[in-house]
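Visitor: Encoded as structure tokens, here's the structure I'll be asking about.
Every read-out reported here was derived from the displayed coordinates using simple, explicitly stated rules and does not represent laboratory data. What you see is a predicted model; the values in this text were computed from it and never measured. Glycine also receives a Cβ, built like all others from the backbone with ideal geometry; neighbour counts cover every protein chain displayed.
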Amino acid sequence: MLQNRCDVHTHTLYSRHAYSTLRENVLAAREAGLELLGVTDHFSDMLFPRTDLEHADLRDYQHFINMGVWPRSWEGVRLLHGAEADVRTLDGRLFGQDVEVTTDITGRPLREACSLYDRVAAGCDYVIASVHYKEFAAGAPVAQTTEMYLRALSQPKVLVLGHTGRAGVPFDVREVVGEAARQGKLIEINEHSLETRGPGGRTWASCRAIAETCAELGCQVVVNTDAHVCCAVGRTPHALGMLEEIGFPQELIATRSAEAFLAAMSAAGLRTPGV
Ligand SMILES: [Zn+2]
Ligand SMILES: [Zn+2]
């Protein structure tokens, strides 16, 4: 049986279409036997109507700038600060990178303007880059969508490419997985993708092909729930079942233990928090 002891893609009430508090997720993580929980709410223009690709108000995103108040270990579970940032352009720009923020959360001018992405990423231990708006990539050649993922992967703080098997943007899996392996970055195997679409479907086949390429090229994966409600946290039967089916090696699962995930963060050049 493959082991998985971390869940590093989960959402809280902040994401608006998710329903649990941080504490409910932590307790659910403990109950599921997890050693480490990563909280990665959406960092996306899907959340606030007054936001678009050029305009945003830091007040809408203050969730991300005060995560330092969370205990690093809560109910025996290590807690990491993250965000799931939207990949928003074909050149791999992430949401908020082209948006300048000039005021703080009280509306006072910042001493130095910076990008919304940089301000948010500064409070994160890591970022997951995911595509949710596939329209911008419609009809783009595979060479271009591949470049999109490669550039997203090389962004500051990006550690994981999220649910690439269900994003609906075809890309050169071998090239992206190979580059992730070289940079020590991680490809997500997403329970939610497999659970909702089921075996035999197109999503299952593409997730499986991605996992097989990771095994072949020695790229580490993270097995995550993408939980939007606490009872889903830490439960990945479909993802682990699929990985077992293809004989996926345990040592390439970076979420097999807290120690392994923190080591993967370090190897990718990210700072790991002390407890
Ligand atoms: Zn969501
Ligand atoms: Zn997502």
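Visitor: Post the alpha-carbon centroid distance, segment 98-139 to segment 54-92, in whole angstrom.
Guide: 10
Visitor: Classify the chain from the C-alpha gyration tensor, please: rounded if a/c falls under 1.5, else prolate or oblate depending on whether a/b exceeds b/c.
Guide: oblate
Visitor: Take every Cα pair under 8 Å in the chain that's 6+ residues apart, average their separations, divide by the length, and report that relative contact order as a whole percent.
Guide: Answer for the chain is 23 percent.
Visitor: Where Lys and Arg each count +1 and Asp and Glu each count -1, what net charge lies around GLY247 among other residues with Cβ under 15 Å from its Cβ?
Guide: Cβ neighbours under 15 Å give a net charge of -4.
Visitor: Suppose we keep just the DSSP beta bridges with both residues in the chain; what percent of those would be antiparallel, to 5?
Guide: Taking every DSSP beta bridge with both residues in the chain, the antiparallel ones total about 20 percent.
Visitor: I've got another one for you. Hey, what do the phi angles of segment 250-257 turn into as Karplus ³J(HN,Hα) couplings, whole Hz, using 6.51/-1.76/1.60 and θ = phi - 60°, x for Gly and Pro?
Guide: Using θ = phi - 60°, the values come out as 4, 5, 8, 8, 5, 8, 5, 7 Hz.
Visitor: Let me ask you something else. Below 8 Å between Cα atoms, with a sequence gap of 6+, how large is the relative contact order for segment 119-184 in percent?
Guide: With pairs under 8 Å counted, the relative contact order is 42 percent.
Visitor: Output needed: Cys residues of the chain lacking any neighbouring Cys C-beta below 4.7 Å, sorted by number.
Guide: CYS6, CYS114, CYS124, CYS207, CYS230, CYS231
Visitor: What shape does segment 123-275 take by its C-alpha gyration tensor, where a ≥ b ≥ c are the square roots of the eigenvalues and a/c under 1.5 counts as rounded, a/b above b/c as prolate, and the rest as oblate?
Guide: It is rounded, given that a/c, with a ≥ b ≥ c, falls under 1.5.
Visitor: Counting Lys and Arg as +1 and Asp and Glu as -1, what is the net charge of the other residues whose Cβ lies under 15 Å from the Cβ of SER20?
Guide: -2
Visitor: Once whole DSSP H runs in the chain are found, which of them have Cα atoms spread over 18 Å or more along the helix axis and a mean Kyte-Doolittle score of at least -1.0?
Guide: Counting only whole DSSP H runs, the qualifying helices are 202-217.
Visitor: Note down the net charge around GLY107, summing +1 for each Lys or Arg and -1 for each Asp or Glu among other residues with Cβ under 10 Å from its Cβ.
Guide: Taking every other residue near GLY107 into account, the sum is 0.
Visitor: What is the spread of the Cα atoms of segment 1-129 along each of their three principal axes, largest first, in whole Å?
Guide: For segment 1-129, the Cα extents along the three principal axes come out at 48, 34, 23 Å.
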